[in-house]
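Scroll down for the structure; my scribbles are underneath it.
The values are calculated or read from the model by the stated rules, or taken from the named source; none is laboratory data. None of the values given here were measured: they were computed from a predicted structure. When we count neighbours, we look across all protein chains shown, and the Cβ atoms used for this are built from the backbone with ideal geometry, even at glycine.
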Amino acid sequence: MYVIRLADGTLRVPQSLTSHDGRLIGNAYVEVPPGDPEYDRWSAGALTEEEIVERQRRWQEENDELEQAFLEFKAEQENQGAPGS
């Protein structure tokens, strides 16, 4: 999850809610407006929605080599576990 900078400068900061024993209850975004005491802390790493879409697009396009290496590794692992190997 990313810290998202909206067009008006407001940040959407991911926040998780956990139970007393540490189990995840849910994830959500909390809006932090400019001027909030926590704003500067979060704004340095914030991305616009367009930047996030661009990162996702690039990752999908540039993922082919990594995906191929993983599939080869997975096939190798499966073959090692096959009877008679």
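Selection of region 39-54 for residues being modelled with pLDDT under 95 and part of a loop (DSSP other than H, G, I, E, B) yields Ala44, Gly45.
Residues that are within 13 Å of the chain's Cα centre (by Cα) and either in a helix (DSSP H, G or I) or under 18 Å from Arg12 (Cα atoms) (or both) do not occur anywhere in region 62-76.
Identify all residues within region 1-27 that are part of a strand (DSSP E or B), loosely packed, with under 12 Cβ neighbours inside 10 Å and of a type in the set (A, V, I, L, M, F, W, C); write none if there are none. Once the filter is applied, which keeps residues that are part of a strand (DSSP E or B), loosely packed, with under 12 Cβ neighbours inside 10 Å and of a type in the set (A, V, I, L, M, F, W, C), region 1-27 yields Leu17, Leu24, Ile25.
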